[in-house]
1. Please compute, for the alpha-carbon atoms of segment 88-128, the extent along each of the three principal axes and give them in descending order in Å.
2. Provide the convex hull volume over Cα atoms per residue for segment 21-126, in Å³.
3. Full extension from residue 49 to residue 106: what is 0.36 nm times the residue separation minus their Cα-Cα distance, to one decimal in nm?
4. For the residues 80, 52, what sequence is obtained by ranking on other C-beta atoms within 10 Å, fewest first?
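Every read-out reported here was derived from the displayed coordinates using simple, explicitly stated rules and does not represent laboratory data. Remember, predicted model here, so these are calculated numbers, not experimental data. For neighbour counting, all protein chains shown are included, and Cβ atoms are generated from backbone atoms with ideal geometry for every residue, glycine included.
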């Protein structure tokens, strides 16, 4: 009975001391936070690339695809697009900055984040 008690104590001590891995998200914040407070988090968990996006009006999480400097946020669609088109949000990554073209023109009308006013959204890497 004592052996069982000691085994139980050892198991509890070892499992209680285990540490969950820290989140490895790197965050980028808008240079104009009063506009829409856009924050983008990027992470690599194993072989999967993940994102978290939040604004004053919405939040989304999912996977992303990276092609060179271009990042495509899978499943994150434009707020406004012509017809039934589902335009995925994408960004250009250059060093510690992400740049997103927020809306198009009369020939190519779309708005990725209708809650943000600027045509180009610049986000800078931050410590969080």
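1. 37, 20, 16
2. Cα-based convex hull of segment 21-126, divided per residue, equals 109 Å³.
3. The residue 49-residue 106 span can extend by a further 17.1 nm.
4. 80, 52
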